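Worksheet: the structure to be examined is printed underneath.
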């Protein structure tokens, strides 16, 4: 990638960060587009040509990898870092024979769990020696930022072995009290299962797998969480109950009964989050919904029932997403209009 093309790409990424956008879309025939809370926004400027997008794609993934899109694969993933400014997770694909790119924008500075307002129940769950911590939410809701904050908190407090399985690596974690290995699919291992297996054989204590696409990947993480490790993962879901169901639904019919029982046993906590515009300053604030499984919930999950259909009060630490949004409005952190709109969409 020549200097001009690199400067163009980095300019789009920095604009996204300035606009508090979660994603950048670079598509031939369109100007650069950004995903904001309100939806997709086109910026003022010239439309991108196919040649411009391809030049940026070649600079990020290389000509050889680009040639594989179509005949061998539908996408190539990579990361790009602007030191001290931002990290970007980039997906290169094709549409109508032309290259397209999307980039998820991540900060270089990790936000602390206290800055993000992560509920204490979630932080406490990450102190467990084993179990499954599930962080859910829609696209662009800050799930990845929260997961890295939790990992950094563990890193600062516990002398453990942390392994991550990423495609691609989002934020580099520097060692503090923990020993850290970050494995990238395609470079360090051919696939998620192989990377998980390598981590298991190297005696990990904490495993982070940002995205579980296949049934066997979910099963591998649940098995690890049941036995000897804390596993943190993400799910695209609007509620804790939906996050649990999504992990079940991906399983083949013939194993769902046994899987529900394993999942119920492994779960430590399930949290979902959304981002809302702050009432008093630029930027956004997270609202969280939290489910802390107890024996009654585990029985319901194992039997295919609703974990919220229960005879006793919810365990300490549980909170609905709507209730948290209301509290943020009462505190003046978000406006009443934003709160009403958010609750209507939950």
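The values are calculated or read from the model by the stated rules, or taken from the named source; none is laboratory data. Everything numeric here is computed off the predicted structure, so don't read it as measured data. Quick reminder, even Gly has a Cβ in these numbers, built from the backbone with ideal geometry, and neighbours come from all protein chains shown.
Would it be correct to say that residue 110 is in contact (Cβ under 8 Å) with a residue 12 or more places away in the chain, buried (at least 18 other Cβ atoms within 10 Å of the Cβ) and more than 16 Å from the chain's Cα centre (by Cα)? In short, no.
Results for (1) touching a helix residue (DSSP H, G or I) at 6+ places or on another chain (Cβ under 7 Å); (2) assigned to a loop (DSSP other than H, G, I, E, B); (3) not assigned by TED's automatic domain parsing to the domain that holds residue 271, shown as yes or no for each residue.
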residue: 102; (1), (2), (3): no, no, yes
residue: 127; (1), (2), (3): no, yes, no
residue: 134; (1), (2), (3): yes, no, no
residue: 140; (1), (2), (3): no, yes, no
residue: 151; (1), (2), (3): no, no, no
residue: 170; (1), (2), (3): yes, yes, no
residue: 176; (1), (2), (3): yes, yes, no
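Residue count for the range 316-325 under the criterion of being within 18 Å of residue 118 (Cβ to Cβ) and either outside the structural domain of residue 136 (by TED's automatic domain parsing) or out of contact with any strand residue (DSSP E or B) (no Cβ under 7 Å at 6 or more places or on another chain) (or both): the result is 2. For the range 223-244, a residue qualifies if it is assigned to a helix (DSSP H, G or I), surrounded by fewer than 17 Cβ atoms within 10 Å (Cβ to Cβ) and out of contact with any helix residue (DSSP H, G or I) (no Cβ under 8 Å at 6 or more places or on another chain), and the qualifying residues are 227, 242.
The residue pairs whose first member lies in the range 211-222 and is modelled with pLDDT under 95, whose second member is not in a loop (DSSP other than H, G, I, E, B), and whose beta carbons are closer than 7 Å, counting only pairs six or more residues apart or on different chains, are 211/234; 212/218; 212/221; 212/233.
Using the structure shown, decide if residue 102 is touching a residue at least 40 places away in the same chain (Cβ under 8 Å), surrounded by fewer than 20 Cβ atoms within 10 Å (Cβ to Cβ), within 19 Å of the chain's Cα centre (by Cα) and over 25 Å from residue 237 (Cα atoms). Even if it seems obvious, please write down each step before you answer.
On the way: touching a residue at least 40 places away in the same chain (Cβ under 8 Å): yes; surrounded by fewer than 20 Cβ atoms within 10 Å (Cβ to Cβ): yes; within 19 Å of the chain's Cα centre (by Cα): yes; over 25 Å from residue 237 (Cα atoms): no.
When the stated conditions are applied, residue 102 does not pass them.
Close Cβ contacts (under 7 Å, 6 or more residues apart or on different chains) running from residues in the range 3-26 that are assigned by TED's automatic domain parsing to the domain that holds residue 61 to residues that are surrounded by 16 or more Cβ atoms within 10 Å (Cβ to Cβ) and in a loop (DSSP other than H, G, I, E, B) comprise 12/32; 22/140; 23/140; 24/32; 26/32; 26/48. The helices (runs of 4 or more DSSP H) found entirely in the range 269-346 that carry 1 or more residues being under 15 Å from residue 239 (Cα atoms) and modelled with pLDDT under 95 are 336-345. Quick check: anything in the range 334-342 closer than 27 Å to residue 208 by Cβ and in the same structural domain as residue 182 (by TED's automatic domain parsing)? No; the residues of the range 334-342 include none that is closer than 27 Å to residue 208 by Cβ and in the same structural domain as residue 182 (by TED's automatic domain parsing). The residue of the range 15-30 that is nearest to residue 89 (Cα to Cα), among those that are crowded, with 16+ Cβ neighbours inside 10 Å and at pLDDT 95 or above, is 24.
Once the range 104-122 is narrowed to residues that are touching a helix residue (DSSP H, G or I) at 6+ places or on another chain (Cβ under 6 Å) and outside any loop (DSSP other than H, G, I, E, B), the residue that is farthest from residue 154 (Cα to Cα) is 105.
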